[in-house]
Amino acid sequence: MRGLRCWLLALLATLLGGEGAESQPIQAGNLHLLTTEEHKLVLNRPMKVLPRDCHEMLMSSSGQARDGVYLIQPGRFPILAWCAMQEGGWTVVQHITVNSSVNFDRTWAEYKQGFGSLTGDHWLGNQHLHELTQGPGRYKLGVKLVDKDAVTKAGEYDPCLVEDEGSAYRLRLGLYQGTALDALTQDTENYLHDNQRFTTKDRDNDNYFQNCAKLEFQGVAGGGWWYDACAGANLNRRNVIYWQRDCNKEHLCKYAWMMVKPSESVKLVHSGECKKDEL
């Protein structure tokens, strides 16, 4: 028994990185999404063996991890991400507030590597979104919308895949379910975002005779998106969050999120009568 206890303590020390880990500089490919003062907010900074995504982090904590910024490693290098743990371990890839101070009218390179602040409005980065969704295993995309009356609508596309840069980060989506309208795979307004390539103001990959990312509404350009010709949804225009009839200039939405997590997952149910988590 004593030998087992010593082995577990040694393993824990290896995972947590030992003493002084908190003073070590953070190694992450998107460190620019946090200010220097915000580095202290990274909740799993001491870990040497990083989770692939937020859901894996939640599972490794037996469902006890809290919302916040974590180091994850979906690809070759670690990155930082905001984890929505209370909602089931989603990795947040986009958050926007209407009339945000963060400018979403960005270049291809900026959308590739990410911009904004992980603690506020941001785009995690197309390259990181590709690495997350390419697996192993299937991933799903979650969308959450909150209107001016605090009414929340949400939906999920399962599976979800964002292809590599050579394919212009083409979006591939599966079946949809949710309380929000399906604005990405339903061709209700002659716009179909599924299977579209990503377009930015300096790289036009859409199906319109003009660049959809450059088209303005009230002086604000559209921002990068998987445009068709042009949009039945666009969550990257900072003056109007657009999601067909759920969010538009007549029915204003205040916030929007896009998130990913493994599609084959179990939900932890905590019970006061059980010592172990029930599936």
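The values are calculated or read from the model by the stated rules, or taken from the named source; none is laboratory data. What you see is a predicted model, and the numbers here were worked out from it, not measured in a lab. Cβ atoms come from the backbone with ideal geometry, glycine included; neighbour counts cover every protein chain shown.
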remark   = Taking the stretch 171-193 and keeping only residues that are surrounded by fewer than 19 Cβ atoms within 10 Å (Cβ to Cβ) and of a type in the set (D, E, K, R), one is left with ARG172, ASP187, GLU189
request  = With respect to LYS153, determine if the residue is basic (Lys, Arg) and either buried (at least 16 other Cβ atoms within 10 Å of the Cβ) or at pLDDT 95 or above (or both).
outcome  = yes
task = Any chance you could count how many residues in the stretch 151-164 are more than 21 Å from ASN234 (Cβ to Cβ) and either among the basic types (Lys, Arg) or touching a residue at least 40 places away in the same chain (Cβ under 8 Å) (or both)?
result = 2
key: Single match in GLY125, GLY29 (criterion: among the small types (Gly, Ala, Ser), modelled with pLDDT of 95 or more and touching a helix residue (DSSP H, G or I) at 6+ places or on another chain (Cβ under 8 Å))   = GLY125
ask   = Quick one: how many residues across the stretch 89-117 are buried (at least 24 other Cβ atoms within 10 Å of the Cβ) and of a type outside the set (Ser, Thr, Tyr)?
value = 7
